[in-house]
Structures are given as C-alpha cells and as structure tokens.
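> First the structure, then my questions, so here it is.
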Amino acid sequence: MDCFVASLLAMTKEGSDAVPEADALDLLFARGNASLISALVVDGRTAAKTGRCLGVDLPAIEQELRGITRASAASYAHVLRAWPRLSSSLQHWFEAQLTCN
C-alpha cells in the first residue's frame, strides 16, 4: 500500500477557508510541495514522516558522497580550471534570455 498524508487546506489559495472541488492528487500536483507532506508510506512501510526520511542514514550517505567526490576531484581538474569562464558565459547567456521585453 502506498499513500501520503498532506494538508488539503494548505494547498488552497491563501485566504480561502474552503477546500476546492478537485481531486486530491490533482491538487497535490498543481499546488503541493514537500513541506505539505507529513507522512509517506511506500509498500506498507513509512518512508518519511514530519520532513525526515526514515530508514536512511543520511550522515553516512553524505560522508560516502564526500569521499567519492574527493577521490575523483583530480579527474575533474580541467573542468574546475575552466569553470569561472564557463560560469560567466552562462550567466550572461541566461540574463540575455530571461528578459521581460
């Protein structure tokens, strides 16, 4: 059994006290976000509750990812050297594209 617990009232427009006439899943996809989910059940097991992922050792995962990143950093040295120029070029490109004209 998979399910989630969310606040339908929190997904309504601000200032509205009524839950709109809409399918709850449609409303979740239209207006929902992670902050509105108080519990997530997957295959009958609670996977997340009150904003925390259960059954996952997050500090261990973060430590492993840091180790992988450090071990492979030398192979990306050329990217790191080029990054300032690439970043500047991308910034200018996006700024030119995202105008309100």
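> Using 0.36 nm per residue of separation minus the Cα-Cα distance, give me the extension gain between Ser89 and Arg66 in nm, one decimal.
5.5 nm
> Would you mind checking which residues have amide H under 5 Å from Ala47's amide H? H placed 1.01 Å from N; only 5 or more apart, or other chain.
Here Leu40, Val41, Val42 satisfy the definition.
> Continuing with the same structure: Provide the per-residue ³J(HN,Hα) series for region 81-95, in order, calculated from phi with Karplus coefficients 6.51, -1.76, 1.60 and θ = phi - 60°, each as a whole number of Hz, with x at glycine and proline positions.
Ordered by residue, 3J(HN,Hα) equals 5, 7, 4, x, 5, 5, 4, 4, 4, 5, 4, 5, 4, 5, 4 Hz.
> Moving to a separate point now. Quote to one decimal, in nm, the extra length available between Leu98 and Ala34 on full extension: 0.36 nm per residue of separation minus the C-alpha distance between them.
Numbers: separation 64, 0.36 × 64 = 23.04 nm, distance 2.72 nm.
That works out to 20.3 nm of additional length.
> For region 33-71 and region 78-92, what is the centre-to-centre distance using only Cα atoms, to the nearest Å?
A separation of 32 Å, based on Cα centres.
> Right, here's the next one. HN-Hα J couplings of region 27-34 from phi, Karplus 6.51/-1.76/1.60, θ = phi - 60°, integer Hz, Gly and Pro as x?
Running phi through 6.51 cos²θ - 1.76 cosθ + 1.60 with θ = phi - 60° gives 5, 4, 5, 7, 10, x, 8, 4 Hz.
Since every read-out is calculated from the coordinates, none of them should be taken as a lab result. Since this is a predicted model, take the numbers as computed values, not measurements.
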